[in-house]
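What follows draws every value from the coordinates through simple rules; no lab data is involved. All of these numbers come straight from a predicted model, not from anything done at the bench. Cβ placement follows ideal geometry from the backbone for every residue including glycine, while neighbour counts extend to all protein chains displayed.
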Amino acid sequence: MRLDAATGIVVVGAGDPRPEPEALSTFLDRWVEDGRRYPVSGLRKPFLRARAKMRAHRRLEEAQRLVSLDSPFLRVAGAQANGVAEKLGCEGYAVAAVGGPLAAEVVPLMRAEGMRRAVVVAADPLSIRGHRLSERAQFEEAWLSSGGSRDELVFVDDYEQDPAWLSALVSLAKEGGPKDAGRAAWLFVASGLPKVLMRTEQDYPERSRALAEVLAENLGISAGRWGLAYLDPLVGERGLAPAPADLIETWAADSIRDVVVFPFSWGSDRLETLHRVDIELARQLRERAMRMFRIPCLNDHPEFIDALSRIVLDTSTETSASTGGPTP
């Protein structure tokens, strides 16, 4: 079954796993460098703290725009959207929450190309819900401003427990893991959550844990051979524990030498995986004479494209049936 040809598949909130080295280096040098991530901890006066936060956010937006536009633009987000669109007989688009192209830039292009309906897909089903709601609201506002209606929009958000998605993750892990997986410890890495969001994102740790448990079970990993850790949030004070370093210390003391690192909560590689995992976490393991086997993110893996296509089609069909709209 295919969708109407005037339907646009829009992937929002995705990153690029293969930015140009110069652009990525500039990003890391200018913003991720230690001591410059969020330089407000030592400031006590409220007005100084506010000014420092504004400067930090301006640097973030400037750096992310550099990477997203000059990388070239969000290659994998486009590959995901185009892969799904090709299978379903429609058109693919990608939107970045920060940097660009933004929803306000993509929607006019979609309208000019004759799109009368949009299926908006969250690139990371396990991402912070507040971020996804913001991305969703931005796209909906742009669509309504273009003369469209709410009935023409379908949103695909919480699909981290969908069997097709889980199957793609398990296949990816089996492909990238060591041959003798039983000897290794598995480190499931999830995105960090700023402390300030702990109250509004109370179910995030539970959702992360539930997905990690399902993956461990499907991969046949015993309870004592895997752990879930959260990276430091890119902005703000850490809200969740343990950190990867905590588990690494424990495993090193137990003489474990092989660690499979699986950044399972991201649909595509981006800053957290390129820098926090491939550089910082890899260095921590090397310093303890431990080997890292890094499972890539799904990116544009064929099984993921198949899974996402089925999820998009099922969600579109269910939405049309519940609203009494035309069958896709």
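From most to least packed by mean Cβ count within 10 Å, the peptides 80-92, 237-249 give 80-92, 237-249.
Taking amide H positions as modeled 1.01 Å from N, with prolines and chain starts lacking one, the residues under 5 Å from Asp258 and 5 or more places away or on another chain are Ala185, Arg291. In terms of packing, defined here as the mean over residues of other Cβ atoms within 10 angstrom, the peptides 311-319, 119-127, 192-200 line up highest first as 119-127, 311-319, 192-200.
What is the extension gain from Thr200 to Ala253, computed as 0.36 nm multiplied by their sequence separation minus the C-alpha to C-alpha distance, in nm to one decimal? Computed gain between Thr200 and Ala253 is 15.4 nm. In this structure, Ser134 and Thr317 have a Cβ-Cβ separation that, at R0 = 30 Å, corresponds to a calculated FRET efficiency of about 0.65. What FRET efficiency comes out for the pair Ser167/Glu237, r = Cβ-Cβ distance, R0 = 30 Å, nearest 0.05? It comes to 0.25. Our coupling estimate for region 305-316, obtained by passing each phi through the Karplus curve with A = 6.51, B = -1.76, C = 1.60 and θ = phi - 60°, is 4, 4, 5, 5, 4, 5, 5, 4, 5, 5, 5, 5 Hz, Gly and Pro reported as x.
The protection proxy used here, the mean number of other Cβ atoms lying within 10 Å of each residue, ranks peptides 301-307, 227-233 as follows, highest first: 227-233, 301-307. With the convex hull constructed from alpha-carbon coordinates only, region 178-294 shows a mean projected area of 7.2 nm² over all directions.
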